[in-house]
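Input: a single structure, listed below in structure tokens.
The values are calculated or read from the model by the stated rules, or taken from the named source; none is laboratory data. Being a predicted model, the structure only gives us computed values, none of them experimental. Positions of Cβ are backbone-derived with ideal geometry, glycine not excepted, and every protein chain shown enters the neighbour counts. For accessibility, only protein heavy atoms count, side chains too; no ligands or nucleic acids. Shrake-Rupley method; radii C 1.70, N 1.55, O 1.52, S 1.80 Å.
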Amino acid sequence: MRIATWNVNSVKQRVPRLLPWLEQRRPDVVCLQETKLTTEAFDTLLAAPLADLGYEAVSHGQGQWNGVALLSRVGLDDVERGFPGQPDYDGRAEARAISATCAGVRVHSLYVPNGREPGSEHYAYKLAWLTA
């Protein structure tokens, strides 16, 4: 199974590169991070073109920030958005993790928080997130 991962830093901006790349390279599973779209906006933008290329897709989006997705040509079973014990940042849940079973292999697409600098609240959040 060929698995690829890509921090797209706005999937909306990467569509002109993403779709031709998928058509040419045909990875079995793709993990995307920093999609920056809500789950609904991701589906509206990409469900049809991805299906035309033979991909199922699931996303966990937030809009403007964060967001992760899985694309698969080999199935997406037992999808889980987030993970048990995932901490919130400043009382807000963040879309940073999605997982699914693809052809019998558990695959996780993770967008790990940026800790910025040691000692900051962002760093403490990153450490708590990684611990969870």
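So the values come out like this:
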read-out	value
Solvent exposure, largest accessible area first (probe 1.4 Å, DNA, RNA and ligands not counted), of 3, 98	3, 98
Chymotrypsin sites (Phe, Trp or Tyr not before Pro) within the stretch 1-80: DSSP coil, no more than 16 neighbouring Cβ in 10 Å	65
Most mobile listed residue (103, 69, 93) in the chain, GNM with C-alpha springs under 10 Å	93
Rounded tilt (10° steps) of 39-52 against the dominant C-alpha axis of the chain	30
Residue 44/residue 90 FRET efficiency (R0 35 Å; Cβ-Cβ; nearest 0.05)	0.75
Probe 1.4 Å, accessible area per residue of the chain, Å²	54
130, 22, 76, ranked by accessible area, largest first (probe 1.4 Å)	130, 76, 22
Carbon + sulfur, % of accessible area of the stretch 23-132 - ligands and nucleic acids excluded, 1.4 Å	48
Exposure of residue 35 as accessible area (Å², to 10), given a probe of 1.4 Å and all protein chains	0
Projected label distance in nm at residue 132 and residue 7, using a 7 Å step from Cα toward the beta-carbon	2.0
Excluding exposed DSSP-loop trypsin sites (Lys or Arg not before Pro) (at most 15 other C-beta within 10 Å), longest clean stretch of the chain	3-115
Crossing angle, helix 11-25 versus the chain [Cα axis fit, 0-90 degrees, rounded to tens]	50
Accessible area in the full protein assembly, largest first, 1.4 Å probe, for 52, 43	52, 43
C-alpha long axis of helix 121-131 to longest principal axis of the chain, angle in °	60
Accessible area of residue 15 in the full protein assembly, 1.4 Å probe (Å², nearest 10)	30
